[in-house]
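So the structure is just underneath, and the comments pick up after that.
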Ligand code: FAD
Ligand code: NAP
């Protein structure tokens, strides 16, 4: 029988360290326990919320339902010629998985080193960093569909991956629980170092033809030097998505802001750096009550102490309004809000 705790503080389970409470809380170690927990929530007519590492959510208020902490474990490899199919349970730690694969000589994940959180959440926003997105390695996933009331396997097309986006943030939000993810890696070193900051770091290290391990080490070094560690300064990483705007809107902005950081996309749109917009608008290092925007990375919202979900959302709303007023751009919050 699964053990449900009541009135549990979620502070240790979210990297923004928001001290909200779950009416019921259970840690799931098997798919049978997932079924039991969902039946429990159904029986009490309460909503359920699956959380992993809590590094991409804002627990804005107490959750009057059943919080399911993902503790499903297990990793399997299937070598197929010079490719490897890796299947990992949703509760495995993402970064540990990246390092395990590198150690075994299975390549492709190195640019995604040191991203916090668990495997099951990686497809939710198609995690990406330093020029690589999960979708480029993704084979399939498996999970419980609460509406169809069955386990389903979804391929990349069915997951509708986009820029920090997928079907799990839309049609399947709150209705699909990912239990395992399968990725296709390579035994041949695959290197992607087109991302400027990464290329520059490797150049500084004298590594112009790096191994995948060296790429991972460079990524980790950049991340440690730039990003606040949630264990020391609670945060949820980038708080806003980089906006994708039309070429027309870009053409109207660039004469006013010639130094504006921008990246033309294949579909004709232009990606702007949300961090640049925030810095330009004066938000870098600005503190409002117990929360604020980080002094080194304007895009990272930090909790300086006992900040509340309401303070976080109020700061975010003020920023969104200011960026709209100054640039005509609607910034979208990246973490999921509950
Ligand atoms: P959680 O925060 O626990 O959950 C996020 C969402 O997914 C919630 O809606 C939750 O309900 C849902 N969910 C979680 N698990 C499941 C499941 N098994 N089935 C269904 N739904 C589920 N992200 C990037 O893309 N790139 C980065 O480089 C990056 N760097 C970061 C750096 C820092 C310092 C921090 C704090 C965050 C960073 N992030 C980054 C954001 C975050 O780490 C990732 O999005 C990560 O994949 C979230 O994993 P998690 O287990 O913590 O998810
Ligand atoms: P950065 O290197 O200072 O660059 C700022 C922004 O410019 C990034 O967000 C990145 O977009 C974009 N960019 C840079 N070079 C690019 C290129 N060659 N082509 C297209 N876009 C480019 O960014 P950072 O804040 O230090 O983050 C480094 C990487 O880690 C980024 O990929 C970022 O997404 C990732 N990261 C994500 C989170 C999160 O919570 N989501 C947190 C920390 C870091 P992209 O974001 O699209 O790559």
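We did not get these values from a lab; they are worked out from the coordinates using the rules stated. Everything numeric here is computed off the predicted structure, so don't read it as measured data. FYI the Cβ positions are ideal-geometry reconstructions off the backbone, even for glycines, and counts take in every protein chain you see.
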task: Set the Förster distance to 25 Å, then compute FRET efficiency between residue 207 and residue 104 from the Cβ-Cβ distance, nearest 0.05.
output: 0.70
message: Could you order the peptides 22-33, 110-121 from most to least packed, using the average number of other C-beta atoms within 10 Å per residue?
response: 110-121, 22-33
field: Distribution of pairwise C-alpha distances over the chain, 10 Å bins, in %
entry: 5, 23, 32, 27, 11, 1, 0
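Using Cα pairs closer than 8 Å and at least 6 residues apart in sequence, work out the relative contact order for region 41-152, in percent.
Rounded, it is 18 percent for region 41-152.
In region 34-128, what percentage of the DSSP-assigned beta bridges are antiparallel, given to the nearest 5?
Working: 7 of 11 bridges.
If we restrict to bridges inside region 34-128, about 65 percent are antiparallel.
Could you tell me the relative contact order of the chain? Use alpha-carbon pairs under 8 Å, at least six residues apart, and round to a whole percent.
Values: 674 pairs, mean separation 54.2, N = 338.
Computed over the chain, the figure is 16 percent.
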task: Consider just the alpha-carbon atoms of region 234-338 and return their Rg together with their Dmax, both in angstrom.
output: 14.1, 43
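Can you put 326, 201 in order of Cβ neighbours within 10 angstrom, beginning with the fewest? Write out the running numbers ahead of the final one.
Working: 326 14, 201 21.
By the 10 Å Cβ count, ascending: 326, 201.
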- prompt: Expressed as a whole number of Å, what is the distance separating the alpha-carbon centroids of region 226-250 and region 306-326?
  reply: 14 Å
- prompt: Of the residues 61, 140, 252, which exhibits the maximal mean-square fluctuation in a Gaussian network model of the chain defined by a 10 Å Cα contact cut-off?
  reply: 252
- request: Neighbouring Cβ atoms within 10 Å as the yardstick, rank 144, 94 fewest first.
  value: 144, 94
- request: Could you tell me the distance between the Cα centroids of region 9-64 and region 197-218, to the nearest Å?
  value: 39 Å
statement: For 220, 1, ascending order of other Cβ atoms within 10 Å (fewest first) is 1, 220
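Rounded to the nearest 500 deg cm²/dmol, what is the calculated helix-only ellipticity per residue at 222 nm for the chain, with -39500 (n - 2.57) per DSSP H run of length n ≥ 4? Numbers along the way, then the final one.
Details: 8 runs with 85 residues, N = 338.
Value at 222 nm, helices only, nearest 500: -7500 deg cm²/dmol.
Determine the shape class of region 19-77: with a ≥ b ≥ c the square roots of the Cα gyration tensor eigenvalues, call it rounded for a/c under 1.5, and otherwise prolate if a/b is greater than b/c, oblate otherwise. Don't skip to the end; give the middle numbers.
Working: a/c = 2.95, a/b = 1.24, b/c = 2.37.
Oblate, since a/c reaches 1.5 and b/c is not below a/b.
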message: I'm a student and want to see the number: the projected area of the Cα convex hull of region 60-197, averaged over all directions, in nm².
response: 9.6 nm²
query: Computed FRET efficiency, Cβ-Cβ of residue 250 and residue 314, R0 30 Å: what is it to the nearest 0.05?
result: 0.50
